[in-house]
1. Which one is nearest to the ligand (Cβ to nearest atom) among residues in region 295-308 that are under 26 Å from C192 (Cα atoms) and surrounded by fewer than 19 Cβ atoms within 10 Å (Cβ to Cβ)?
2. Could you list all residues from region 111-123 that are open to solvent by 20 Å² or more (accessible area, probe 1.4 Å), within 17 Å of the chain's Cα centre (by Cα) and either small (G, A, S) or at positive phi (or both)?
3. Being farther than 23 Å from E193 by Cβ, surrounded by 15 or more Cβ atoms within 10 Å (Cβ to Cβ) and in the same structural domain as L318 (by TED's automatic domain parsing) narrows it down to one of A276, A292, so name that one.
4. Could you check R51 against (1) within 15 Å of the ligand (Cβ to nearest atom); (2) open to solvent by 10 Å² or more (accessible area, probe 1.4 Å); (3) closer than 26 Å to L180 by Cα and say which number it fails?
5. Quick check on region 118-152: of everything there that is aliphatic (A, V, I, L, M), part of a loop (DSSP other than H, G, I, E, B) and within 12 Å of the ligand (Cβ to nearest atom), which residue is nearest to M175 (Cα to Cα)?
6. Looking at region 333-340, can you tell me whether even one residue there is of a type outside the set (F, W, Y), under 20 Å from C120 (Cα atoms), more than 20 Å from the chain's Cα centre (by Cα) and more than 16 Å from the ligand (Cβ to nearest atom)?
7. Considering only region 20-35, state which residues are touching a Leu at 6+ places or on another chain (Cβ under 9 Å) and open to solvent by 10 Å² or more (accessible area, probe 1.4 Å).
8. Take region 100-117 and flag every residue that is assigned to a helix (DSSP H, G or I) and either away from the ligand (no atom under 15 Å from the Cβ) or among the hydroxyl-bearing types (S, T, Y) (or both).
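The values are calculated or read from the model by the stated rules, or taken from the named source; none is laboratory data. All values reported here derive from a predicted model rather than from experimental measurement. Neighbour counts run over all protein chains shown; Cβ positions are idealised from the backbone, glycine included. For accessibility, only protein heavy atoms count, side chains too; no ligands or nucleic acids. Shrake-Rupley method; radii C 1.70, N 1.55, O 1.52, S 1.80 Å.
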Amino acid sequence: MDRIAIVGGARLHGEIPISGAKNSAIKLMTASLLTEEPLHLTNMPRLADTRFLGTLLTRLGAIVDEREGPAGSETILHTPEIVSSFAPYDLVRQMRASFNVLGPLIARTGQAKVSLPGGCTIGARPVDLHLKALETLGAQIDLHEGYVYAQAPRGLKGAEIEFPFVSVGATEHAMLTAVLAKGETVLKNAACEPEIVDLADCLNKMGARVEGAGTPVIRITGVARLSGAKHAVITDRIEAGTYAVAAAMAGGEVRLTNTRADLIEALLLKIEEAGAGVERTNDGVIIRRNGARLKAVDIDTGVYPGFATDLQAQFMALMTLAEGESVIREHIFENRFMHAPELARLGADITVSGGEARVRGVEYLEGAQVMATDLRASVSLVIAGLAARGETVVGRVYHLDRGFERLEEKLGACGANVRRIKGDAGPETED
Ligand code: EPZ
C-alpha cells in the first residue's frame, strides 16, 4: 500500500486548479444508464471512485470511454442496452454511491437486484430513505440476503415524496428515478447541495423536466425517454475547501482556480474569522497567511449552505495549532471524528464527546506515522503534516486516491514537501 510522506514547515506559494467534483461525477455517470444514447461528461476527475463506478457500469452494459480533451479529462458513457440489472456486493461495497444505480435500472428495465451498501467508518449510513422513495414511485422492494430485489412491472408513477430529514443521496436517487416515471413527482425537504443542481442541469440537458433543484422543493415531470447530452461536471467544492484550509495551515499565498468561492462561503467565513486572508476572485479564491498565529473558532456542520461535514476533519487539523479552544460539532454523521486520535499522535490536544470535539490549540505538532479510516480524515492528516515539525507519514493512501486527484503534485507545485512512497498493492475498500 502506498503512503504519503510530508516534511512540514514549507509555506505554500502558487496556484492549484480544482478538479471536477467527485460527488457529482459519480451521480452523473449513473445518469448515463437512463438513456441508450451517449452521455459526454467533461471536467471529469480521475479518481479511484470514478474507476470503481466505471467497472460496475460496464458490467451493466455501459461502454466507458475515458479521454483527455483540450479542456481536460472527459468520459463518454454509452449504454445502448442494459445487459444486466445486477449490482454485486463486491462492487457496491467498494463505493457506496454505486447503490444509486438501483433507481435508474428499475426506471429503464423494470427490475433490478442491487447489493445493500452496508455501514461505513463515518456512520451507519442506512438507505431507508432511498428505498422509501423508490417504493413511493411504485417499485416493489424486497430485501433478501443483503440484496435489494426491485420490480416495477407496471412502470413507475410520479408521486409526492417528503423526506423526514435532508439526504443528499436519497434526493439524487429519487431524481434519477422520477425523471422516467409517469406524471409529476414532487420532492419536499430535498437536499440543496450544488451537486443536486448539477445533476438536475445534466438531466435537463438529456431531456428531463426537473425544476427547483437547489431549493427544498423539486418538481419533476416524467418523460418517456431521455437522450444523450454533453455536460461539464461542477467544480469540487470539497477539494477547493481542502486546499483553502491547507494554505491557511501552512501559510503563504495560494490561488485556487477553476472553482467558485460562493460554494465554500461557510468555510471561507470561518477561515477569515480565524485570521487568514481570503480574496474571492472570478474563478476561485486566494488564501493568504503571513505567519501570524490563527485564532480558535467554533464550527457546526450542516447541510448546504452550512459548513460541509466533508470539510470538518480538515478544519479540525487547522484548529490544532490555533490560539485558544475550538468547539467542533458534527451534525451529519454520528462517527466522524476518527481523525482526532490520529491528529493526537501528532501532538494535537483534542477531546471528543459524542458529536462534539474540543480542540485546544498547541504551540507545535510533531511528525509521526499516522493513518486514517476515510477520505476526508486522511487529508486532514496531510494538512496537519504540512505544519508539523519533521516528517509525517500517512498510511492507507487508497482513501486519498478515492477523492483527491494528483494531491502530491498539486501541493508540491506550491512548494510543499510531499512525496508518495510506493508500496504493495493493498485493499481498496470501504465507504
Ligand atoms: C453524500 O453522502 C456525500 N457522498 C458525502 O461525502 C457527504 O458527506 C454527505 O452527502 C453529506 O453532505 C456522496 O455524495 C457520494 P446523506 P450521502 O444521505 O448522500 C442519513 C465524501 O467524503 N441517512 O445526505 O450518503 C445518513 O446516515 C462523502 O465524499 C439515513 O439515515 O449523505 C447521514 O447521517 C462522505 N437514511 C445523513 O442521513 C438514508 O436513507 C445524511 O446523509 C440516507 C441517509
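1. Among residues in region 295-308 that are under 26 Å from C192 (Cα atoms) and surrounded by fewer than 19 Cβ atoms within 10 Å (Cβ to Cβ), the one nearest to the ligand (Cβ to nearest atom) is V303.
2. Hit for region 111-123 is G119, nothing else.
3. So the residue among A276, A292 that is farther than 23 Å from E193 by Cβ, surrounded by 15 or more Cβ atoms within 10 Å (Cβ to Cβ) and in the same structural domain as L318 (by TED's automatic domain parsing) is A276.
4. (3)
5. Across region 118-152, the extreme among qualifying residues is V127.
6. For region 333-340, residues of a type outside the set (F, W, Y), under 20 Å from C120 (Cα atoms), more than 20 Å from the chain's Cα centre (by Cα) and more than 16 Å from the ligand (Cβ to nearest atom): present.
7. K22, K27
8. Answer for region 100-117, where residues must be assigned to a helix (DSSP H, G or I) and either away from the ligand (no atom under 15 Å from the Cβ) or among the hydroxyl-bearing types (S, T, Y) (or both): P104, L105, I106, A107, R108, T109.
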